[in-house]
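Q: Below is a structure I'd like to ask you about.
The values are calculated or read from the model by the stated rules, or taken from the named source; none is laboratory data. Keep in mind that this is a model prediction, so the values were computed, not measured. Here the Cβ positions follow ideal geometry from the backbone for every residue, glycine too, while neighbour counts run over all protein chains shown. All accessible areas refer to the heavy atoms of the entire protein, side chains included, with ligands and DNA or RNA removed. Shrake-Rupley method; radii C 1.70, N 1.55, O 1.52, S 1.80 Å.
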Amino acid sequence: MMLYTGIILASIAGFLFINAISPKFTLSEKIGLSFPTGLFFVTFIMLLMDAVNISLTQNTILTGLLVFIAALITLTVFKWKTSFESIKKSFSFTLGDINAIWIVFVIFIVYIEYMNFQKCLFWPPYDRDSIAGFETIGYIIAQEHTFKGLSIFQQDYVQYIHNAASYITYAPMVQLSYAFVYLFGAETSKIIPGLMYAFFLFSFYAVSKRVVKKTAAVIITFFVLLTPEMLAWSSLSMTNIIHAIFASLGIIYVAVWLRERQKRDLFLSAILLAINVWCRMEGIVFIGAVLCILFVDMLLKKNYKDYILYTLITVSVFIVWNVFMKLNGLFAESIIIAKPFWNGEKLNNIWKYMMDLYTNTTFYGITFIVFVIGFFTNLWFLIRKRDNLYLLSVILLAMLFYIILLYQIDYVWDTMENVLMYSAKRFMFCFIPVIWYYIVSNRTVMWVMDKAETFFSVKQPSLTSTKKNTSKHTNRK
């Protein structure tokens, strides 16, 4: 019972937080982002409590979460009228909202994700990295009620704990989220990856529907779900899918802001990209790519304050985690070569492996193939109208920055080939939702999908308008 209570409270916290940013977010966006953002705040509160020596127990976490929810409810009360009107509008429904294609794809998505969710909960954590790091750390936190003072973080207990690439410096969200559900009575931590992926699919559909029509949105959600390796890893206990959720949605929301210029989307994008490094530190490449593009936009639009605020938010979590590690002796030998150098053979190997990944349909299905096709079919609009130029630039810059990061790593704990074959392929999950969003939001594809939407939609008036017409007819009699 307490497990469900904790999950529901985390979701309520996330829902209220999204609503506090702006009540004008759609109801589906608020629901889709509720658990992922709520879980972030749970783990952030846990780390802050641990920093001031508050024991991580069910009662202390529950208290901290309830205080946070109370603060958000206070904000909601001040925005009550706007919030109520926004939610009321979200429930507006017309028969024209349904078409056969939309229904079919929704059925496919629900069925496949239901089976995937069942698979996730059925199998206990068994992959090597989870057992060696995330799962074990989360379980021990629940037993010892601390993160910074864990017994396995002591060198006299684990002699190699400060070696290069040690799990002592892993970004803390996944470990703390596993500790959270264990503290609330879970028998397995797999409820976390299961719920995260389900909520992600809902939120991806919701934000896509902001820009394209519902049929296009449900089709690309289906293709994201069918990405072979990404679907396989969504039922494991690793960080990669959870990281991909925040990284991809952070980029998509900044793309929505560049299209619609609503401040709420810019602020939410900054929050999501900040959380992305709370999952994996390599996520800094996405922050760097977005900041580069927004810097150009800032110079053109003179929106200096927005850019400064966005930068501060995106790097805030990165700074908090690094300060926490510094203060509590959580360190490992550096694997980053901090100075420029030239190694043509190394760069050539990295480039070869990355090209193999981009063209690997076993891992990513048709994603990168359609990406290239979408680029060329939209080339005229790209050149003449700069259609999706900023989003395309973010994708390509992030890919470039990741290659640079791989080049600057000193592979002292494993071979470069192993890292490129196994770790890099999982990092590419972050690009999958962004690429499908880029494809469907190109003008060429949008035009085709709009025509299809019109053709297949039910041609009937809304329920609301029907009632109004009936009322008017009665009054005339």
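Q: Working from the pairwise distances between different alpha carbons, so that the mean of 1/r is found and then inverted, what is the chain's Kirkwood radius in Å?
A: 23.7
Q: Hull surface divided by four, with the convex hull built on the Cα atoms of region 225-346: how many nm²?
A: Quarter of the Cα hull surface area: 11.1 nm².
Q: Extending each Cα 7 Å along its Cβ direction at Glu144 and Ile366, get the distance between those two points in nm, one decimal.
A: So the two model labels end up 5.0 nm from each other.
Q: So if each residue of separation counts as 0.36 nm, and I subtract the Cα-Cα distance between Val77 and Val104, what length gain in nm does that give?
A: 5.8 nm
Q: For Ile409, which sequence-distant residues (separation of 5 or more, or a different chain) have an amide H within less than 5 Å of its own amide H, given hydrogens modelled in the peptide plane?
A: When sequence neighbours closer than 5 places are left aside, the close amide H contacts are Ile337.
Q: Figure the gain on full extension for Ile152 and Lys326 (residue separation times 0.36 nm, minus the Cα-Cα span) and round it to one decimal in nm.
A: Net length gain for the segment: 60.9 nm.
Q: Please find the FRET efficiency linking Trp342 to Thr63, where r is the Cβ-Cβ separation and R0 is fixed at 51 Å, and quote it to the nearest 0.05.
A: Given R0 = 51 Å and the Cβ-Cβ separation, E is 0.40.
Q: Please report the projected area of region 297-422's Cα convex hull averaged over all directions, in nm².
A: Seen from a random direction, the Cα hull of region 297-422 projects 11.5 nm² on average.
Q: While we're here: For the chain, take the longest principal axis of its alpha carbons; what is the angle in degrees between that and the long axis of helix 284-301, to the nearest 10 within 0 to 90?
A: Long axis of 284-301 versus the principal axis of the chain: about 50 degrees.
Q: Could you work out how far apart the two model spin labels at Phe122 and Asp450 are, taking each label as a point 7 Å from the Cα in the direction of the beta carbon, and quote it in nm?
A: About 4.5 nm separates the two model spin labels.
Q: Can you give me the angle between helix 463-476 and the longest principal axis of the chain, using Cα atoms only, in degrees from 0 to 90, rounded to the nearest 10?
A: Compared with the principal axis, the helix lies near 30 degrees.
Q: Students often check this: by mean Cβ neighbours within 10 Å, which of 428-438, 14-24 ranks highest, and how do the rest follow?
A: 428-438, 14-24
Q: Moving on. Taking Rh as the Kirkwood radius, which is the inverse of the mean 1/r over Cα pairs, what is the Rg/Rh value for region 359-449?
A: 1.06
Q: Percent of accessible area on the chain owned by carbon and sulfur, 1.4 Å probe?
A: Carbon-and-sulfur percentage of accessible area, whole number: 67.
Q: What percent of all Cα-Cα pairs in region 303-370 falls in each 5 Å bin, counting up from 0?
A: 3, 12, 9, 10, 10, 12, 22, 17, 4, 0
Q: Next up: Using DSSP to call loops (not H, G, I, E or B), can you name the trypsin sites (Lys or Arg not before Pro) in region 332-392 whose Cβ has at most 13 other Cβ atoms within 10 angstrom?
A: Sites meeting the loop and neighbour criteria: Arg386.
Q: So if R0 is 25 Å, what FRET efficiency would Lys24 and Asp297 give, r being the distance between their Cβ atoms, rounded to the nearest 0.05?
A: 0.70
Q: While we're on this one: Placing +1 on the Cβ of each Lys and Arg and -1 on the Cβ of each Asp and Glu in the chain, which of Phe134, Tyr358, Phe78 has its Cα farthest towards the positive end of the resulting dipole?
A: Going by the charge dipole, the pick is Phe78.
Q: Still on this structure, I have one more. Compute the Rg/Rh shape ratio of region 385-434: radius of gyration over Kirkwood radius, all on alpha-carbon atoms.
A: Reported Rg/Rh, Kirkwood definition of Rh: 1.10.
Q: With θ set to phi - 60° and the Karplus curve 6.51 cos²θ - 1.76 cosθ + 1.60, what are the ³J(HN,Hα) couplings of region 397-402 in order, to the nearest whole Hz, using x for Gly and Pro?
A: Listing the rounded values in order: 5, 4, 4, 5, 4, 5 Hz.
Q: Which whole-Hz couplings ³J(HN,Hα) result when phi for each residue of region 433-447 is put into the Karplus expression 6.51 cos²θ - 1.76 cosθ + 1.60, θ = phi - 60°, listed in order with x for Gly and Pro?
A: Ordered by residue, 3J(HN,Hα) equals x, 5, 5, 5, 5, 4, 4, 6, 9, 5, 4, 4, 5, 4, 5 Hz.
Q: While we're on this one: Just the accessible area per residue of the chain, please: how many Å² with a 1.4 Å probe?
A: I get 47 Å² per residue for this part.
Q: Helix 304-327 versus the longest principal axis of the chain: what angle, 0 to 90°, nearest 10, using Cα atoms?
A: In the chain, helix 304-327 runs at an angle near 30 degrees to the longest axis.
Q: Taking a ≥ b ≥ c as the square roots of the eigenvalues of the Cα gyration tensor of region 196-280, is the shape rounded (a/c under 1.5), prolate (a/b larger than b/c) or oblate?
A: oblate
Q: Once you have the Cα-Cα distance between Asn163 and Ala51, take 0.36 nm times their residue separation minus that, and quote the gain in nm to one decimal.
A: Full-extension gain reported as 38.0 nm.
Q: Projected onto the charge dipole of the chain (+1 at Lys/Arg Cβ, -1 at Asp/Glu Cβ, origin at the Cα centre), which of Ile373, Val323, Val419 gives the Cα projection farthest towards the positive end?
A: Ile373
Q: Filter the cross-link list Lys190/Lys326; Lys119/Lys190; Lys119/Lys209; Lys263/Lys451 down to pairs whose alpha-carbon distance in this structure exceeds 19 Å.
A: Lys190/Lys326; Lys119/Lys209; Lys263/Lys451
Q: Rounded to the nearest 20 Debye, what is the dipole magnitude of the chain about its Cα centre when Lys and Arg each give +1 and Asp and Glu each give -1 at the C-beta?
A: In debye, rounded to 20, the chain gives about 2880.
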